[in-house]
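Have a look at the structure below before the remarks.
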Amino acid sequence: MNKLIKDVQVYTEKGILNNHHVLIEDGVIKHISNELIEADESVDGEGHHLIPGFIDGHIHGAGGADVMDGTVDAIEEISRTIVKEGVTSFVPTTITSKHEDIERVLKTAANDQYQGRAEILGLHIEGPFVEKKKAGAQPKEYIVKPDVELMKKWVALANHRIKTVTLAPELDDEGELIRYLVEQDVNVSAGHTDANSSEIRKAVSRGVHQMTHLCNAMNGIHHRDVGAVGTAMLLDELKSELIADRIHVGDDMLQLIYKTIGPDRLILITDAMRAKGMPDGTYSLGGQDVTVENGKATLDDGTLAGSVLTMDQACRNMMKVAGASFEECIQMASVNPAKQLGVFDRKGSITIGKEADLVLVDSNFNVQKKLLQGCFV
């Protein structure tokens, strides 16, 4: 059975096609045309924007559930919740914890049998190989030195589905762990790090090509050492995650990052925790109480502890604050994460032959309809 989405502005790899129609068959984009095509089912897009589904490469929880709950129910609740904001695939992200807790998550979230929900693209291991001085909301008592043998065990437990590992590269003295991860086609990201500019450059030479939630839990710019943040601005090899909630990064810094790094190297993430989509109150993250009030999630000492940001709101913030265009937001929220996670051959853009993970939005990214592999949800 095929399906036709009529009368939409289609954001393709080659540009915007106005008043076009998109034919979907067996969950795949089959045809894009300005002429009506016969189909078993037709849906009127009412002139809305048809964009590739958002991909969230760094998320801890949503809808009252957390990845570290380590259950199928928790993963499914997160999957259901984030579809509402236009996220069609995501990477469940761990937090520094006891090894047995992380390993339980690896076994559970590596399951690829979740259907009718946002697709799990793999796993993001954030910690425990991080710097205690830059721990942020990562529980310090479980932070350990980089350990190749431990990571080999985790790669096997996760059935080789680990996509990203966040670590403090300066702690990997000889670069042994970084090199192993690169050999496994894992996206290595520098985060929760006390590295200076030269140490970040060394990490890049070893295979680190991403910064985790840029500006947060790393050294900022100083006029004698531009730190991790300044190095991310300077090196074309580095992509940077960005939490554009206007809390983790102030408005002026959002503008500076956008102007210096640009939409081709920025990856919008939410870094959301279980309170996303829930009322204000007290929630848990890594065994710690987190107070959520007016969109801000903090530990008792005021440390930021994830976010309750949605991807559609991140796009609105980038347009309003940084001056990003509609197309550039798609680049940062769909195209770039797909490329960084190695799935651009099937996701992240609208082109014939790719999976029909699509979202209908208005001109302000308000979500109207969502399709997961061609099925409305």
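Annotations for the structure displayed:
- Beta bridges from DSSP with both residues in the stretch 224-377: antiparallel share about 75 percent, rounded to the nearest 5.
- In Å, descending, principal axis extents of the Cα set of the chain: 61, 44, 43
- Degrees between helix 148-157 axis and first principal axis of the chain (Cα, 0 to 90, nearest 10): 30 degrees
- When a 1.4 Å probe is rolled over the protein heavy atoms, the share of accessible surface on the stretch 176-280 that falls to carbon and sulfur comes to 46 percent.
- Basic side chains Lys and Arg get +1 at the Cβ, acidic Asp and Glu get -1 at the Cβ, and with that the dipole of the chain about its Cα centre reaches some 400 debye.
- When the Cα positions of Val43, Cys329, Val105 are compared along the charge dipole of the chain, Cys329 comes out farthest toward the positive end, with charges on each C-beta of Lys, Arg, Asp and Glu.
- Estimated FRET transfer efficiency when R0 is 22 angstrom, pair Glu176-Leu234 (beta carbons, to 0.05): 0.25
- For Thr71 and Arg346, a Förster radius of 25 Å and the Cβ-Cβ distance give a FRET efficiency of 0.35, rounded to the nearest 0.05.
- Selection from His192, Leu309, Leu123, by position along the positive dipole direction of the chain (Cβ): His192
- Accessible area per residue for the chain, computed on protein heavy atoms with a 1.4 Å probe, is 39 Å².
- Within a straight-line Cα-Cα reach of under 17 Å, Lys239 can be paired with the following aspartates and glutamates, leaving aside sequence neighbours fewer than 8 residues apart in one chain: Asp56, Glu126, Asp185, Glu199, Asp264, Asp271, Glu328.
- Accessible surface of His48, taken over heavy atoms with a 1.4 Å probe and every protein chain present, rounds to 40 Å².
- Extension reserve of the Lys84-Lys152 stretch, reckoned as 0.36 nm per residue once the Cα distance is removed: 20.9 nm
- Between 0 and 90°, nearest 10: helix 72-83 axis offset from the chain longest Cα axis: 60 degrees
- Protein accessible area in the stretch 40-97, 1.4 Å probe - carbon and sulfur %: 41 percent
- Fraction of antiparallel bridges per DSSP, the chain only, in percent to nearest 5: 55 percent
- Charge dipole magnitude, Cβ of K and R +1, D and E -1 - the stretch 177-301, Cα centre, debye nearest 20: 360 debye
- Multiplying the residue separation of Lys320 and Lys107 by 0.36 nm and removing their Cα-Cα distance gives an extension gain of 72.6 nm.
- Cysteines (scope the chain) whose Cβ has no counterpart Cys Cβ under 4.7 Å: Cys215, Cys375
- Lysines with Cα under 28 Å of Lys6, excluding same-chain neighbours fewer than 8 positions away: Lys14, Lys30, Lys84, Lys347, Lys354, Lys369, Lys370
- Model label points for Glu35 and Lys259, set 7 angstrom from Cα along the Cα-to-Cβ axis, are 4.9 nm apart.
- Rounded to the nearest 10 degrees, the inclination of helix 99-109 to the longest alpha-carbon principal axis of the chain is 10 degrees.
- Working from label points 7 Å from Cα in the Cα-to-Cβ sense, the Arg224 to Glu100 distance is 4.9 nm.
- Full extension of the chain segment joining Val377 with Ser198 gains 59.7 nm, where the gain is 0.36 nm per residue of separation less the Cα-Cα distance.
- Charge sum, other residues only, whose C-beta stays under 11 Å from Gly277's C-beta, Lys/Arg counted +1 and Asp/Glu -1: +2
- Net charge dipole, the stretch 11-136: roughly 780 debye, given to the nearest 20, about the Cα centre with Cβ charges of +1 for Lys and Arg and -1 for Asp and Glu.
- Asn159-Asp44 FRET efficiency (beta carbon distance; Förster radius 51 Å; 0.05 resolution): 0.75
- Within a straight-line Cα-Cα reach of under 21 Å, Lys133 can be paired with the following lysines, leaving aside sequence neighbours fewer than 8 residues apart in one chain: Lys98, Lys145, Lys202.
The values are calculated or read from the model by the stated rules, or taken from the named source; none is laboratory data. If you're wondering where the values come from, they're calculated on a predicted model, not measured in any experiment. Note: ideal-geometry Cβ built from the backbone for every residue, glycine included; neighbour counts use all protein chains shown. Ligands, DNA and RNA are stripped out before the accessible areas are found, and what is left, the full protein with its side chains, is counted by its heavy atoms. Shrake-Rupley method; radii C 1.70, N 1.55, O 1.52, S 1.80 Å.
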